[in-house]
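Comments concern the structure below.
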Amino acid sequence: MAYPTSFLFLSLLLFFCVSTLQAHKLDHKPNETTLTYLPRFPYPHKKLMNTIDSCWRSNPNWAWDRQALADCAIGFGNGAMGGKYGTTYVVTDPSDDPVNPKQGTLRYGVIQSEPLWIVFEKDMFLTLKNELMVNNFKTIDGRGVKVEIANGPCITMEGVSHVIIHGISIHDCKPGKPGLVRSTPEHVGHRLGSDGDAISVFASSNIWIDHCYLARCTDGLVDIIHASTAVTVSNNYFTQHDKVMLLGHKDGYSADRIMKITVVFNHFGPGLVQRMPRVRYGYAHVANNRYDEYLMYAIGGSSDPTILSEGNSFVASNDPYAKEVTKRETNGGWKNWKWRSSKDVFENGAYFVPSGYGSCAPLYSASQLFTAAQGSFVPILTSDAGPLQCVPSRPCY
């Protein structure tokens, strides 16, 4: 019997999906010793990848064409150039001096005024002495090695633009102490002390955070506040934390109305409680993310934000009081807020409470636009979340 071409294609796609899911269930576990998240696949030549990853991971020459990554972002952070068109800076020294950083250290690279694509000579564990102030037009690219920033203050972007952070582990971050910190070659300023976020984005734009591991910090894992906008947070693995992602400074800070954030292809793993994300005033497109048994709620907000939850996979915990995906922190009036669910999948009693009227589509430009898949595809689309095990001269499978 002859089968239609479309039937054969769908059958083949189903086979690949089942194979990948089987590998995911057997092998896809975060290793808390090495603090990496490196899944294994039995059929790498048949790997199905999401839109961002398919842009660069099949290229065996990725290590010699690193800056091509800057063309792969989707969503509102699509314009983040990072260090594209700049020279390559190699981190050779894991030490840190917040005031007078030595050449070869990460801090020396990120404070420079010119665009830089920052890579690492070898596997590296960095404990910073104070928050790392990242300057404009920088890429921190951990591909090909294992890079961890941990056990001290972590990353701050304040009043900057065009920053890409890719492929590093940021965990167990501590508050920074008041003191002097250099932010450019010419400027040393007195900082009041950071909160202990893994990544803090403050009054900044055109930011892309991709394929990072984020866990167990004193404050948030990713905070995007003070009228920051044009940000994409993608392909990250979040685990073991309470207040995961804050979008918007505080109730009453209406400047955050300009905020437009895309949260896509992330894996919100075990041990997460809330804020995946929590949004104030601005717009969040939350698409094709995997949520594993959130302990309080997944998506929340206050001050009339607009949220489109599209094609996510929500698995509620067994707590009968933690089934609702959404949480609105307000004394009333929330029924007019535009919160919508489309193509989402809900398991173990999870449910989404929609509100508002009219369209809440993201209104992307042509370069930002992508099509969110049905939520049933999320286990595949997020199966490589976190840092990847890339080897030069080979596709990054």
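What to note about this one:
- Residue match in segment 200-219 (condition: small (Gly, Ala, Ser) and closer than 13 Å to residue 132 by Cα): yes
- Just so you know, in segment 169-218 the residues that are hydroxyl-bearing (Ser, Thr, Tyr) and touching a Leu at 6+ places or on another chain (Cβ under 7 Å) include one that is nearest to residue 386 (Cα to Cα), and it is 213.
- Residue in segment 96-117 that is under 20 Å from residue 213 (Cα atoms) and of a type in the set (Gly, Ala, Ser) present: no
- Flag if residue 219 is modelled with pLDDT of 95 or more, in contact with an Asp or Glu (Cβ under 6 Å, 6 or more places away or on another chain), crowded, with 24+ Cβ neighbours inside 10 Å and not small (Gly, Ala, Ser): no
- Considered as a group, the residues in segment 319-369 that are among the β-branched types (Val, Ile, Thr) and under 17 Å from residue 305 (Cα atoms) include one that is surrounded by the most Cβ atoms within 10 Å (Cβ to Cβ), and that residue is 325.
- Qualifying positions in segment 260-293 - more than 17 Å from residue 234 (Cβ to Cβ) and not in a strand (DSSP E or B): 270, 271, 275, 281, 282
- Within segment 82-94, the set of residues being part of a loop (DSSP other than H, G, I, E, B) and touching a helix residue (DSSP H, G or I) at 6+ places or on another chain (Cβ under 9 Å) comprises 82, 83, 84, 85, 86, 94.
- The residues on offer are 42, 60, 94, and the sole one that is modelled with pLDDT of 95 or more and more than 27 Å from residue 232 (Cα to Cα) is 94.
- When segment 219-239 is filtered for residues that are assigned to a strand (DSSP E or B), within 18 Å of residue 136 (Cα to Cα) and of a type in the set (Gly, Ala, Ser), only 230 remains.
- Here residue 189 qualifies as over 19 Å from the mean Cα position of the chain (by Cα), part of a strand (DSSP E or B) and at negative phi.
- A single member of 251, 256, 242 is assigned to a loop (DSSP other than H, G, I, E, B) and on the phi < 0 side of the Ramachandran plot, and it is 251.
- For segment 138-186, a tally of residues being surrounded by fewer than 24 Cβ atoms within 10 Å (Cβ to Cβ), in a loop (DSSP other than H, G, I, E, B) and small (Gly, Ala, Ser) returns 4.
- Just one residue in the set 324, 310, 293, 329 is closer than 30 Å to residue 387 by Cβ, among the acidic types (Asp, Glu) and over 17 Å from the mean Cα position of the chain (by Cα); that residue is 293.
- Residues that are hydroxyl-bearing (Ser, Thr, Tyr) and closer than 12 Å to residue 200 by Cβ within segment 116-165 comprise just one, 156.
- Any hit, segment 118-129, residues being touching a Phe, Trp or Tyr at 6+ places or on another chain (Cβ under 7 Å) and either part of a strand (DSSP E or B) or of a type in the set (Phe, Trp, Tyr) (or both): yes
- For beta carbons closer than 7 Å, sequence separation of 6+ or different chains, a first residue in segment 171-200 that is farther than 17 Å from residue 216 by Cβ and a second that is in a loop (DSSP other than H, G, I, E, B) and among the β-branched types (Val, Ile, Thr), the qualifying pairs are 180/99; 182/99; 182/111; 183/111; 184/111; 185/111; 188/99.
- For segment 192-216, filtering for residues that are crowded, with 20+ Cβ neighbours inside 10 Å and closer than 20 Å to residue 151 by Cβ leaves 9.
The values are calculated or read from the model by the stated rules, or taken from the named source; none is laboratory data. These numbers were taken from a predicted model, which means no experiment stands behind them. FYI the Cβ positions are ideal-geometry reconstructions off the backbone, even for glycines, and counts take in every protein chain you see.
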